[in-house]
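The values are calculated or read from the model by the stated rules, or taken from the named source; none is laboratory data. Treat the numbers as computed from the prediction; the structure is a model and nothing was measured. Positions of Cβ are backbone-derived with ideal geometry, glycine not excepted, and every protein chain shown enters the neighbour counts. These accessible areas exclude ligands, DNA and RNA; they are computed on the full protein's heavy atoms, side chains included. Shrake-Rupley method; radii C 1.70, N 1.55, O 1.52, S 1.80 Å.
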2 protein chains.
Amino acid sequence: MKIAVMGYGTVGSGVVEVIEQHSEVIAKRTGGEPLEIAHILDLHDNIGDPHEALFTKDFNDILNDPEVKVVAETIGGVNPAFDYTQKLLKAGKAVVTSNKELVAQKGLELLQAADEGNTNYLFEASVGGGIPIIRPMNQCLAANNIEGIAGILNGTTNFILTMMIEQGMSFDDALKLAQDNGYAEKDPTADIEGFDASRKVCILASLAFGKHVYPNQVETEGISNITLEDVSYVSSANGVIKLLGQIKYINEDKIAAFVSPAVVYNGSQLASVRDVFNAILVRGDAVGDVCFYGRGAGKLPTASAVVADMLDCAKHVDRKKIFGWGAGEEDYVVDYRSTIEMPFYVRAKMSESDAVNIFHNVKFLSRKGQPSDEVAFITDKMTENALKEKLADSEVLNIIKVTNY
Amino acid sequence: MKIAVMGYGTVGSGVVEVIEQHSEVIAKRTGGEPLEIAHILDLHDNIGDPHEALFTKDFNDILNDPEVKVVAETIGGVNPAFDYTQKLLKAGKAVVTSNKELVAQKGLELLQAADEGNTNYLFEASVGGGIPIIRPMNQCLAANNIEGIAGILNGTTNFILTMMIEQGMSFDDALKLAQDNGYAEKDPTADIEGFDASRKVCILASLAFGKHVYPNQVETEGISNITLEDVSYVSSANGVIKLLGQIKYINEDKIAAFVSPAVVYNGSQLASVRDVFNAILVRGDAVGDVCFYGRGAGKLPTASAVVADMLDCAKHVDRKKIFGWGAGEEDYVVDYRSTIEMPFYVRAKMSESDAVNIFHNVKFLSRKGQPSDEVAFITDKMTENALKEKLADSEVLNIIKVTNY
């Protein structure tokens, strides 16, 4: 079967590599014909590349090739990926992608375009890189009401937090190391401020509960305010700080969805996720907690997920999968601050008796070198708004959510 | 769509419960008609059961009902489940099961019967209970050469080991607690001697590498020889002892597959799997390590996986999935003792200098109350046969494999 690849960056070139190096296992697993790369869309010249003859700079070469049935979009970003993908789907060509930004922003319109073209738009690689999550959630957990999802969805921030926790490295040094290792970009904003994780939360929430959730509906807080002091206090409570995307089902018409640092207690599967690894925990009413772990980024892990989706499309080329979600709603994602109760970690300039006066019941934490005018503690469950009201007159140094995953 | 359930024990009654309590989400996820239970096959009378009218003791009521398209087999064991399943598949009815014994022993014949009937035989629930593993391995990791698999595949033994590790409970006391909690049966042999895990290894190996592996090909060692002394020594090396099923790809014609206690170092995703939970780690050449975690047994988790397979069959009722494996071969599974090199944990009556004389390079472990004539250490990588040859003249107290997962 003829296929095309759009974009020849890290993931796109990985897709070509995975297809070429796995022809045997692909043929065995699909029982079918091999994937044959007919075109690679790229704006560079790629002179001397072994695939030189396959390159084109003109998208229409792919759109107008009737033999091409499946296309991988690894361009990234919304433009021109959106326009290209929409045209291909409407023309009845299946499209698979690793482009989380596009799926989070335009997933609904592209799923509708796929309906129109009676074809499939798949995006297993857009969340968790090579970790199987989209398909297991859609198929294997189909007989569950999903109650909540919590995920370590960004490898860069998890690497930085791991260095802070395990090496006592400062945030700035850990970020620099991540950049030196190629895990973080020169402008690391999308990672460290949580925007990347937020897009993945949108995709997971949309798929789990059937209505499109957009990035601007997901309250997002990054890790740049996390200090070694916080790490140390949380460690004294047998916990670690992770950047989590969280989704909670409230009812048919309401969910909560947010990205923020969170205290995870050791013993949770999420606590032992180190380095650049990702993990996604899904809580179902029948199955309980299931957790999916692996490399959330990287050339070959992500490419292998893209190629698996292409194989699925190749098998379903004459058949529309039941997959996707409907339109979103403005008030569908609630303000979690006023609705979701949870315990909080608080670090503040106050005395222990001040803390007890305010909260009655708290669990105090400690750290080496703790100043006499600083306390840190875990509160009982309450909303974030209630917490902030109680702390209105206090000098608060940091507040971090505490999860029950 | 009309379906039937064969066997009304823990899993079978769970299947009925999950179908009834999830009709809304099932309809949403499948975009289709609900599953309607037409028959429940059970030899008990079930008088007063709310489904009393659906019960039959005669298998032919299911086989001969042309409206029944999908059947759940939760009878367990080989007979009569094999005969029933084979007849249903040949008659073109899809069958899904949680019956690992049947799939491990008769999977090939039943997959062939499914071919004959142009229908599907699915068994997601047979490995890892509610954890999605069969479908992700078959579909999501399709573009990987799988290099190895390691799994905590039995909840009972993992519970016992957890109690030994965390509570310092003896094996006998932990087993008794597992029985009191309903995690272990009165005759716990199949669990503690590793036979249950061995069946799951057969299914995973068959699916991953395409040739049927039978339980008698999987060298199997249980946990009854593990002592608190071993637990304590391993803890001093920052490790834990787990009962692991391991599968290693050697080449197109050879694999290794075995079940045994194994030392897993903390930091591994497998090390933090506590209590009755299961986890399966798959190592692919493109994706790296991915790990699937959740409840490996229990009524509703297992039932939710059975129902998910029924939904998949319902969607594919007119269509054969590309899924399964071919015939096995006598010499396909190698004797790992002579071929696979790994480090070993050794506890023996000898001096440290004896150990150094024999192995040159070892890492000594320690425990509280260690007798002066006892040592424990981790060796370099070697085959188990080479190890045993070196220890031929020594008084060995225990030997445990050390994994690299």
Given the criterion in a loop (DSSP other than H, G, I, E, B), of a type outside the set (Ser, Thr, Tyr) and buried (at least 22 other Cβ atoms within 10 Å of the Cβ), identify the matching residue among A:143, A:205, A:197. A:143
Residue tally, condition of a type outside the set (S, T, N, Q), without any contact (Cβ under 8 Å) to a residue 60 or more places away in the chain, facing chain B (nearest Cβ under 7 Å) and over 16 Å from residue B:282 (Cβ atoms), over segment A:269-309: 1
Quick one: what pairs do we get from segment B:159-178, first residue touching a residue at least 24 places away in the same chain (Cβ under 8 Å), second among the basic types (Lys, Arg), C-beta under 8 Å, 6+ apart or different chains? B:161/B:242; B:162/B:274; B:166/B:274
What's the number of the condition residue B:265 fails, among (1) more than 8 Å from every other protein chain (Cβ to nearest Cβ); (2) within 24 Å of residue B:130 (Cβ to Cβ); (3) not polar (S, T, N, Q)? (2)
Quick check on segment B:20-53: of everything there that is open to solvent by 90 Å² or more (accessible area, probe 1.4 Å) and within 14 Å of another protein chain (Cβ to nearest Cβ), which residue is farthest from the chain's Cα centre (by Cα)? B:33
Could you tell me whether segment B:114-132 includes any residue that is within 11 Å of another protein chain (Cβ to nearest Cβ), open to solvent by 10 Å² or more (accessible area, probe 1.4 Å) and either touching a residue at least 60 places away in the same chain (Cβ under 8 Å) or of a type in the set (D, E, K, R) (or both)? no
Considering residues of segment A:169-186 that are in a helix (DSSP H, G or I) and open to solvent by 40 Å² or more (accessible area, probe 1.4 Å) only, the residue nearest to residue A:76 (Cα to Cα): A:179
Odd one out for residue B:56 among (1) touching a residue at least 60 places away in the same chain (Cβ under 8 Å); (2) open to solvent by less than 60 Å² (accessible area, probe 1.4 Å); (3) on the phi < 0 side of the Ramachandran plot: (1)
Any idea which of B:219, B:252 is more than 10 Å from every other protein chain (Cβ to nearest Cβ) and open to solvent by 40 Å² or more (accessible area, probe 1.4 Å)? B:219
Of the conditions (1) under 24 Å from residue A:235 (Cα atoms); (2) out of contact with any Ser or Thr (no Cβ under 7 Å at 6 or more places or on another chain), the single one that residue A:178 does not satisfy is (2)
Residue check, residue A:189 of a type outside the set (Gly, Ala, Ser) and either touching a Ser or Thr at 6+ places or on another chain (Cβ under 8 Å) or crowded, with 19+ Cβ neighbours inside 10 Å (or both): no
Could we say that residue A:166 is under 21 Å from residue A:304 (Cβ atoms) and open to solvent by 10 Å² or more (accessible area, probe 1.4 Å) here? no
Pick from segment B:74-92 the residues that are in contact with a Gly (Cβ under 7 Å, 6 or more places away or on another chain) and surrounded by 23 or more Cβ atoms within 10 Å (Cβ to Cβ): which of them is nearest to residue B:19 (Cα to Cα)? B:74
Which numbered condition in (1) open to solvent by 10 Å² or more (accessible area, probe 1.4 Å); (2) within 14 Å of another protein chain (Cβ to nearest Cβ); (3) outside any helix (DSSP H, G or I) is the only one that residue A:150 fails? (1)
Could you tell me how many of the residues in segment A:375-392 are among the small types (Gly, Ala, Ser) and surrounded by 14 or more Cβ atoms within 10 Å (Cβ to Cβ)? 2
Working only within segment A:248-290, note down all residues that are touching a helix residue (DSSP H, G or I) at 6+ places or on another chain (Cβ under 6 Å) and of a type in the set (Asp, Glu). A:275
Identify all residues within segment B:303-330 that are within 20 Å of the chain's Cα centre (by Cα) and open to solvent by less than 10 Å² (accessible area, probe 1.4 Å); write none if there are none. B:303, B:304, B:305, B:306, B:307, B:308, B:309
Can you list the helices (runs of 4 or more DSSP H) found entirely within segment B:1-116 that contain at least 3 residues being among the polar types (S, T, N, Q)? B:10-21
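Rundown of residues vs (1) hydrophobic (A, V, I, L, M, F, W, C); (2) surrounded by 12 or more Cβ atoms within 10 Å (Cβ to Cβ); (3) farther than 21 Å from residue B:239 by Cα, yes/no style:
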{"residue": "B:332", "(1), (2), (3)": "no, yes, yes"}
{"residue": "B:339", "(1), (2), (3)": "no, yes, yes"}
{"residue": "B:348", "(1), (2), (3)": "yes, yes, no"}
{"residue": "B:373", "(1), (2), (3)": "no, no, yes"}
{"residue": "B:394", "(1), (2), (3)": "no, yes, yes"}
{"residue": "B:404", "(1), (2), (3)": "no, yes, no"}
